[in-house]
Amino acid sequence: MRNSRVKVNGLFFVLISVFFYSGLSAEEPLIPNPEDTTKICIPRPPTNVLATDAVYDKGNVVNLNWVPSPDDNGDGKILQYQILRRLENDSVFALIDSVIAGTAFYKDETVESGQTYQYMVVAICDGGSGPSEPSPPVTPDMEWLNFALSNIFVIGLLICGSVIYFIGKAKSGRPLFIRKIAGLEAVDEAIGRATEMGRPILYVPGIQDMDDVQTIAGLTILGRVARVVADYDTKIKVPVSRSLVMTASRETLKAAYMAAGRPDAFNENMAQYITDEQFGYVAAVDGMIIRERPATTFFLGAFFAESLILAETGNSIGAIQIGGTANPAQLPFFVAACDFTLIGEELFAASAYLSGEPRQLGSLKGQDVGKALAMIAIVLGAITTTIGQAWNFEFISAIADLLNSLFRTN
Amino acid sequence: MRREIPLLITGIVGVVFVIQYFIPHYPFNQLNNWFSDWFSIIAACAIWLGALNLLKVSANKIYRKREDWGFSIVIIVCFLIITIIGFAEGEGFRNIGTKFDWLYQYVYTPLSSTMFALLAFFVASASYRAFRARNFDATLLLVAAFLVMIGRVPVGDAIAMKLHLPLSIYPSEISSWIMNVFNTAGQRAIMIGIALGIVSTSLRVILGIERAHLGGD
């Protein structure tokens, strides 16, 4: 019984094999015709495949260079190069990526530090391939210091050093000249107006979370504003779009009211969470502006598309508006819709400016050293680039390149 | 202590972040990711604070029948609907075809788009005020804006072609020149100022000189 079943199965297998074999042989011969050379393409392989560990990295990059196949001469014969990789102990190379013909470099950013790798580059043409010899093994390693960023380190040291120097100088009591910022000069007047009109103040610290430096700048200004508000016994509302900003705003308001000697006037609902959703938040704040008609509005922090919607709504009710952000694309909207605008760096300078404390003002003076550095680099760069290109002076061009690389981070 | 501990944490974290920028070696190369993860966890927990605050303020408004308390009912009802549906649908609540997705696609997105669409009208009203030629600066702005706008539409170049103007003074060329030279230079100047402002503010916070956000002087 068992033997007969084996026989039947064997016969069935033979029949199926004959059927498929005959089907294949009808359309595609297994052995190609040696005279038909049009479809056969065996490219000469790339040579000198060299894998090197990238310097100053986390040990996650290997640079691969090779000499392209002699058949890669732009006539389209070589379609691409396939990059194959294996761990030193593995026997098989695996395909990791491919690059177009004419390329002789590949950056592998998928390696692990401490592992040893070998690479192969395969030239691919229509119907054939030419694999290179395996590259010498390479072991990517982590570096302790990124010397490629030494320019940033030196510039950072200069700027930070000058900020600390001027803070120290300010502490010694020497007077520092700080230019007047109209938007900040108007803060007291704007709060006074709200007090006289008996209407609230609306303070919006942007729509980003506490990990954005603009939000931190917005909250530091809130601390200064809230202290004056507490002194004047005016109402302030701080609608926020992030829970963490709500808790930080509450702490800021509470501390400001305590510092002003008015802890009784503090109410934790002054800072109210609305929603994380951008336009949901805008709808709620717009509603507040229309219903409660604040006399003064502050928009200080990180703003995006909602900047103009908020500022125009505030403008429509005739509020005094002070806006400020470090998003250059939103600044024109604040300039058009607000009475005063803190442009970029003024937002960050505002808290120090309002405090009037010498140490804080000293830090603003330190910034000027950075600006002077940038101005000198820009003017010298423009002059050397123009002279270097117009008269082809190599030395001058080298200076231009040096200046150009001074502020580069990669 | 209430102020000193946050200042200490801020100072240490600030210095560590500066150092990790220059050291690619472990564990410094992971600090950025770790701190980001910690921040995400704290922010995710803090969302409940926000949600509870929203409910508390709205419920209080309804209870005391304050002005416009009807809006607070809408807030609470919508909050409950979306939260209950989200939880009821479990892990895949954001998949296409769920009730949560339906609410997102057909309620939230149109409402959000409507608010965004208001921007067009506000741009018109703000432009009208900004471009009134009241003084030299405003006139300059008006002329520049006119040239940029006429250069961005095909009719500008079509008129120049009819008038047989040289190619170099076609509106599209002038528009590109204004955007690439004046606009880019201005934006870069602002960006340099912002970068320096961030450095200065960060230093003040790290060194503990800036304490306004902690209620200090």
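Could you give the length gained by full extension between A:ASP126 and A:VAL55, i.e. 0.36 nm per residue of separation minus their alpha carbon distance, to one decimal place?
21.9 nm
The Cα-based radius of gyration and maximum Cα-Cα distance (Dmax) for chain A are 34.7, 112 Å.
Summarised in one figure, the compactness ratio Rg/Rh of segment A:141-280, Cα atoms and Kirkwood Rh, is 1.10. Overall size of segment A:157-225 from C-alpha positions, given as principal axis extents largest first: 46, 32, 17 Å.
Taken over segment A:47-131, the alpha-carbon convex hull comes to 89 cubic angstrom per residue. Per-residue Karplus couplings for segment A:265-276, computed as 6.51 cos²θ - 1.76 cosθ + 1.60 with θ equal to phi - 60°, are listed in order as 7, 7, 9, 5, 7, 4, 9, 10, 7, 10, 6, 6 Hz, Gly and Pro entered as x.
Shown here is the pair-distance distribution of segment B:55-180: with all Cα-Cα distances grouped in 10 Å bins from zero up to the longest one, the shares run 10, 20, 20, 14, 16, 15, 5, 0 percent.
The region of chain A that goes longest without hitting one of the GluC sites (Glu not before Pro) in a DSSP loop, each with at most 13 other Cβ atoms within 10 Å, is A:113-410. The alpha carbons of segment B:133-206 stretch over 62, 28, 16 Å along the principal axes, in descending order.
Which chymotrypsin sites (Phe, Trp or Tyr not before Pro) does segment A:285-373 hold that lie in a coil by DSSP with at most 15 other beta carbons within 10 Å? Please report the intermediate quantities before stating the final value.
Numbers: sites: A:PHE298, A:PHE299, A:PHE303, A:PHE304, A:PHE333, A:PHE334, A:PHE340, A:PHE348, A:TYR353; in loops: A:PHE303, A:PHE304.
Qualifying residues, ordered by number: A:PHE304.
What Cys residues in chain A are without a partner cysteine, judged by a Cβ distance under 4.7 Å? Cysteines lacking a close Cβ partner in chain A: A:CYS160, A:CYS338. When every Cα-Cα distance of segment B:1-85 is counted in 10 angstrom steps from zero, the calculated P(r) takes the values 14, 26, 21, 17, 18, 4, 0 percent.
Filter the cross-link list A:LYS171/A:LYS371; A:LYS254/A:LYS371; A:LYS237/A:LYS365; A:LYS235/A:LYS371; A:LYS171/A:LYS237 down to pairs whose alpha-carbon distance in this structure exceeds 31 Å. Before the final figure, lay out each step's value.
On the way: A:LYS171/A:LYS371 22 Å; A:LYS254/A:LYS371 36 Å; A:LYS237/A:LYS365 33 Å; A:LYS235/A:LYS371 39 Å; A:LYS171/A:LYS237 35 Å.
In this structure, A:LYS254/A:LYS371; A:LYS237/A:LYS365; A:LYS235/A:LYS371; A:LYS171/A:LYS237 exceed 31 Å between Cα atoms.
If R0 equals 35 Å, the separation of the Cβ atoms of B:VAL13 and A:ARG44 corresponds to a calculated FRET efficiency of about 0.05.
In terms of Cα atoms, the Rg and Dmax of segment A:176-356 work out to 14.6, 45 Å.
Note down, for segment A:302-397, the three equivalent ellipsoid semi-axes (square root of 5 times each alpha carbon gyration tensor eigenvalue), biggest first, whole angstrom.
That gives 38, 21, 8 Å for the three semi-axes.
Exposed loop trypsin sites (Lys or Arg not before Pro) only (DSSP loop, at most 10 other Cβ atoms within 10 Å): please give the longest stretch of chain B free of them, not including the sites. The reported range is B:135-217. Whats the longest run of chain A with zero trypsin sites (Lys or Arg not before Pro) that are DSSP loop and have at most 13 other Cβ atoms within 10 Å? Longest site-free region, per DSSP loop and neighbour criteria: A:181-407.
Taking chymotrypsin sites (Phe, Trp or Tyr not before Pro) across segment A:122-199, the ones in a DSSP loop with at most 13 further Cβ atoms lying within 10 angstrom of their Cβ are A:TRP144, A:PHE177. Taking the convex hull of the alpha carbon positions in chain B and averaging its projected area over all directions gives 23.0 nm².
Coupling constants for segment B:43-48 follow from the phi torsions by the Karplus curve (6.51 cos²θ - 1.76 cosθ + 1.60, θ = phi - 60°), and in residue order they are 5, 5, 5, 5, 4, 5 Hz; glycine and proline get x. Solvent-free Debye calculation, one equal scatterer per alpha-carbon of segment A:60-203: log10 I(q)/I(0) at 0.15, 0.19, 0.20 Å⁻¹ equals -0.90, -1.11, -1.14. Site pair A:ALA104 and A:GLU268 shows an inter-label distance of 6.9 nm when each label is modelled 7 Å from Cα along Cα→Cβ.
Throughout, read-outs are computed from the coordinates displayed, never taken from laboratory work. Keep in mind the model is a prediction, meaning the values are calculated, not measured. Backbone-built Cβ (ideal geometry, glycine too); neighbour counts: all protein chains shown.
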